[in-house]
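Written out below as structure tokens is the structure these notes cover.
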Amino acid sequence: MELPLLALVLAHLVLAAVLPLVSRRSRRAAFGVAAILPAATLAWGLANSRAALGTGLTETVSWAPALHLEPSFRLDALGLVMIVLVSGLGALILVYSAWYFGKDSRDAPRNAALLLAFAGAMLGLVLADDLLTLYVFWELTSIASFLLVGQGGVHRVNRRAAVQALLVTVFGGLSMLLGIVFLGEAAGTYRISEIVAHPPSGGLVTAALVLILLGALTKSAQFPFHPWLPAAMAAPTPVSAYLHAASMVKAGVVLVARLSPGFADRPGWWVPIVVLGLVTMLIGGWRAQQETDLKRLLAFGTVSQLGFLMVLFGAGGRIAEVAALTMLLAHGLFKAPLFMVVGIVDKITGTRDVGKLSGLGRAQPALVVASVLAAASMAGIPLLLGFLGKEAAFEAFLHPGGVRGWLVGLGLLAGSVFTVAYSVRFLWGAFATKPVVDVVDAARPAAGLMAPTWISALAGLVLGCVPAVADALAQRYAAAYPAVDAVESGYHLALWHGLSLPLLFSVLALAGGALLHRQRARVQAVHRALHTPLSAQRAYEQVVAGLERLAVLVTGRVQAGSLPVYLAVLLLTVLAVPGTALVLGGEWPRDQPWIGSLMQIPLGLIVVVASLALLRARRRFTAVLLVGAVGYAIGGLFVVDGAPDLALAQFLVETLTMVAFVFVLRRLPAHFDNPRAPRPGRSVQARKAVIAIVAGVFVAIAGVVLSGARQEPPSASGDFITLAPQTGADNVIAAILVDFRALDTVGEITVLLIAAAGTASLVLATRFDRRRRGGVLSGSGSPDHEEEILG
């Protein structure tokens, strides 16, 4: 079964656009229809698993090859695992949502469409084999996340969480875009598979990797950018289960997984990933011990697990990558059902606070079993998929040993102890009977809520008992890393590797986590003792507040209500930015003639004289005539320089401008300013003159330097000219002027007409002004202004 990958991605977006029509008839049916396409995508992915585990299934859309704009997609082992998470879990969560949202829920139509649109964007992201394509879908997921977290914008907590998530992830996304451009230009291609196969090197590549990592760290909630993820728990539970457990938060992890085969041997790549990943794992695990809200407990657990995944994918090494892909799959399969459990608990009891829940386990044994299966996989208990991945992770660092191996291995052990502790805390907090808390009354959960939860929780058990499935996927992905010895080449996922050091680490993690939970009162006392006003969340708030104060300060300075100030700001900005680039990189053309034709002299004199006269003009009509003289003289220069098309456009624009001005000037005061008002001092005039002269000189020099910078047409220009011989041009600029200048002129004329209509409307609005008792009763200007209009 072959389907174009791009069509599969776009189908999600198209169906999402028509889902509101289905929602009008039935909210539940809308979620059901939305679940069909992700389910079909999962079936398509599984049907193509043989190709994915072989050479991979690729597709390239040739759009603008000379500009490296070729959206390309690739289905390989990593892509197949992500399809299981994005499409498989996505379909289950959409079914779950049909029963989570009420039949008359006003939020249901929006969430159904947005969840499906997000699924399409996420699918495009994980299948992209092109950095620019990946970036487009990357930002689409950020926008969808903003809308899903913010919901209808009714509640302040949703708005704040959505803005925080958007600011952090878009900041990282823009940094990543710059890194993508650096990396693509250094490699000569934006194709990920080609970059990884032949990774470039140099200072520019190092900077590119740092910028790309910044994007990955923000998207996957790594320290110090992690606070946006717990804050995003303001979203409905299905959104949290899908975006913040199974899919979106793994975007940064996937990006690291895509690029690591080419750069994992470079300290500039793996050191920050491993260090920040370990710190994130420990901070997330520690904070999860303190949370009383079950959703926030799982959110900090997700932060910790994302740090774990970053360490595995960034460290490199064959066994580490086997463990990474296994844990990537396991994390989605245990965290999504846990979030769904929280949604069920909240729905049937009305709370998710561990301090208010008691006795729910006895009333809901089926829910307890599903929760135990998912939490046990998260804790790394044998027979579950999480155990396979965690033991492989310990083996990856304990087998090579050395300082690096032991430090990372001990760090993972400490993080795993926290994981076990908050897994036990979750089960205890949700289902235990607590002596000092009243037993809660709980309704029976709907089958539509229980079935998706059970399916995803059982998947972790099945894949854990049949390691060959996950092993085949993991081995194919890890094949990009050469084995350094017989142990690495022969390592496979298994339930029993014998008595070994990794098994001892697994036992220590389970025992340590259980002990930590048993001593939870002391742990919380330590947490309170370590409390400090410094935190990542506080740092985020301080940065945002500082940016707001800076924006107010800058706006207050540059938006002073004065046209000369606005013009001065624009000109100074031009001088500071492109002016600096011109000074540092500009080169005066060697063969630049001082004059090309004698006709340029009188035309240039007209421009100069009209411009100087314009400075002395005090009447609006005089100024318009002088501006027109400048424009017509420039049009004459175009004729002299052999650009009659451009000159014709210039003459048309000038003529229309004159007509528009004359039309409007009929209702405007004759003079620019009040002749009785004090004139600006000489110092002010001197500053204006200096800025104007320097800006004018800069424009003249820049025109000469830039026009002489090109030595020969670039390849894109050559291709364009070859494909468009009817233009009769020898470079792409001339062709564009000939072909598209007319359309451009139509656009300019339209803008002028709109501006003229707006101005005329404002002026004609004064037609109801009346002179009364020697003055004007109404009007938008000063009394003198109105009197001048009325004559």
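Just a few scattered comments:
- When residues in the range 173-190 are screened for being open to solvent by 10 Å² or more (accessible area, probe 1.4 Å), farther than 24 Å from His12 by Cβ and part of a helix (DSSP H, G or I), 8 of them pass.
- Only listed residue being open to solvent by 10 Å² or more (accessible area, probe 1.4 Å), within 25 Å of Pro238 (Cα to Cα), among the β-branched types (Val, Ile, Thr) and part of a helix (DSSP H, G or I), chosen from Val126, Val170: Val170
- Residue in the range 479-526 that is surrounded by the most Cβ atoms within 10 Å (Cβ to Cβ), counting only those that are outside any helix (DSSP H, G or I) and polar (S, T, N, Q): Ser500
- Whichever residue in the range 659-687 is in a helix (DSSP H, G or I) and touching a helix residue (DSSP H, G or I) at 6+ places or on another chain (Cβ under 6 Å) and, among such residues, is modelled with the highest pLDDT: Phe661
- When Asp107, Asp130, Asp76 are checked against the criterion of being charged (D, E, K, R), within 16 Å of Ala257 (Cα to Cα) and touching a Pro at 6+ places or on another chain (Cβ under 8 Å), a single residue qualifies: Asp130.
- First in the range 196-223 and at positive phi, second anywhere and open to solvent by 10 Å² or more (accessible area, probe 1.4 Å) and part of a helix (DSSP H, G or I), Cβ under 8 Å, 6 or more apart: Gly202/Ala186
- Residue within the range 59-67 that is under 25 Å from the mean Cα position of the chain (by Cα), hydroxyl-bearing (Ser, Thr, Tyr) and surrounded by fewer than 21 Cβ atoms within 10 Å (Cβ to Cβ) present: yes
- Across the range 397-404, not a single residue is classified as in contact with a Lys or Arg (Cβ under 8 Å, 6 or more places away or on another chain) and over 24 Å from Val469 (Cα atoms).
Here's the yes/no breakdown for (1) among the aliphatic types (A, V, I, L, M); (2) more than 21 Å from Ile83 (Cα to Cα); (3) surrounded by fewer than 20 Cβ atoms within 10 Å (Cβ to Cβ):
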{"site": "Leu329", "(1), (2), (3)": "yes, no, no"}
{"site": "Gly350", "(1), (2), (3)": "no, yes, yes"}
{"site": "Val354", "(1), (2), (3)": "yes, yes, no"}
{"site": "Gln364", "(1), (2), (3)": "no, yes, no"}
{"site": "Ala379", "(1), (2), (3)": "yes, yes, no"}
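- Of the residues in the range 473-482, none is aliphatic (A, V, I, L, M) and closer than 30 Å to Asp346 by Cβ.
- Scanning the range 611-650 for residues that are under 45 Å from the mean Cα position of the chain (by Cα) and open to solvent by 50 Å² or more (accessible area, probe 1.4 Å) turns up Ile634, Phe638, Asp645, Leu648.
- Within the range 29-44, restricting attention to residues that are closer than 15 Å to Leu92 by Cβ and of a type outside the set (A, V, I, L, M), the residue that is most open to solvent (accessible area, probe 1.4 Å) is Gly32.
- Criterion violated by Ala742 - all others in (1) within 38 Å of the chain's Cα centre (by Cα); (2) at pLDDT below 70; (3) open to solvent by 60 Å² or more (accessible area, probe 1.4 Å); (4) more than 30 Å from Leu665 (Cα to Cα) satisfied: (4)
- In summary, Ser72 fulfils each of the numbered conditions (1) among the polar types (S, T, N, Q); (2) over 22 Å from Lys250 (Cβ atoms); (3) surrounded by 17 or more Cβ atoms within 10 Å (Cβ to Cβ) with the single exception of condition (2).
- The residue pairs whose first member lies in the range 552-564 and is closer than 25 Å to Ala686 by Cβ, whose second member is surrounded by 10 or more Cβ atoms within 10 Å (Cβ to Cβ) and not aliphatic (A, V, I, L, M), and whose beta carbons are closer than 9 Å, counting only pairs six or more residues apart or on different chains, are Val558/Tyr566; Gln559/Tyr566; Ala560/Tyr566; Pro564/Pro680; Pro564/Lys688.
- Residue in the range 414-430 that is in contact with a Ser or Thr (Cβ under 8 Å, 6 or more places away or on another chain), under 28 Å from Val239 (Cα atoms), open to solvent by 30 Å² or more (accessible area, probe 1.4 Å) and of a type in the set (Phe, Trp, Tyr) present: yes
- The test for being farther than 23 Å from Gly642 by Cα, open to solvent by less than 60 Å² (accessible area, probe 1.4 Å) and either touching a residue at least 12 places away in the same chain (Cβ under 8 Å) or in contact with a strand residue (DSSP E or B) (Cβ under 6 Å, 6 or more places away or on another chain) (or both) holds for Leu582.
- Residue in the range 20-42 that is modelled with pLDDT of 90 or more and more than 26 Å from Ile455 (Cβ to Cβ) present: yes
A quick yes/no check of all residues on (1) without any contact (Cβ under 8 Å) to a residue 12 or more places away in the chain; (2) touching a His at 6+ places or on another chain (Cβ under 8 Å); (3) more than 25 Å from Tyr242 (Cα to Cα); (4) surrounded by fewer than 20 Cβ atoms within 10 Å (Cβ to Cβ):
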| residue | (1), (2), (3), (4) |
| --- | --- |
| Lys434 | no, no, yes, yes |
| Val437 | no, no, yes, yes |
| Val440 | no, no, yes, yes |
| Pro445 | no, no, no, yes |
| Ser456 | no, no, no, no |
| Ala459 | no, no, no, no |
| Leu463 | no, no, no, no |
| Val466 | yes, no, yes, yes |
| Val469 | yes, no, no, yes |
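- Residue match in the range 536-553 (condition: of a type in the set (Ser, Thr, Tyr) and under 34 Å from the mean Cα position of the chain (by Cα)): yes
Okay, residues lined up against (1) open to solvent by 50 Å² or more (accessible area, probe 1.4 Å); (2) within 34 Å of the chain's Cα centre (by Cα); (3) closer than 20 Å to Val639 by Cα:
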| site | (1), (2), (3) |
| --- | --- |
| Gly561 | yes, no, no |
| Ala568 | no, no, no |
| Leu571 | yes, yes, no |
| Met599 | yes, no, yes |
| Val607 | no, no, yes |
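- All told, Leu449 falls short of being part of a helix (DSSP H, G or I), in contact (Cβ under 8 Å) with a residue 60 or more places away in the chain, within 30 Å of Gln364 (Cα to Cα) and open to solvent by 20 Å² or more (accessible area, probe 1.4 Å).
Each row is one residue, and each column tells you yes or no for (1) under 22 Å from Ile691 (Cβ atoms); (2) of a type outside the set (Val, Ile, Thr).
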{"position": "Trp588", "(1), (2)": "no, yes"}
{"position": "Ala649", "(1), (2)": "no, yes"}
{"position": "Val653", "(1), (2)": "no, no"}
{"position": "Thr657", "(1), (2)": "no, no"}
{"position": "Arg667", "(1), (2)": "no, yes"}
{"position": "Phe672", "(1), (2)": "yes, yes"}
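- Members of the range 132-162 found to be in contact (Cβ under 8 Å) with a residue 12 or more places away in the chain, over 9 Å from the mean Cα position of the chain (by Cα) and open to solvent by 20 Å² or more (accessible area, probe 1.4 Å), listed by number: Leu132, Phe146, Leu147, Gln151, Gly152, His155, Val157, Arg160
- Leading residue by the ranking (farthest from Ala459 (Cα to Cα)) among those in the range 237-270 that are open to solvent by 10 Å² or more (accessible area, probe 1.4 Å) and basic (Lys, Arg): Arg266
The values are calculated or read from the model by the stated rules, or taken from the named source; none is laboratory data. None of these values were measured; they are calculated from a predicted model. FYI the Cβ positions are ideal-geometry reconstructions off the backbone, even for glycines, and counts take in every protein chain you see. For accessibility, only protein heavy atoms count, side chains too; no ligands or nucleic acids. Shrake-Rupley method; radii C 1.70, N 1.55, O 1.52, S 1.80 Å.
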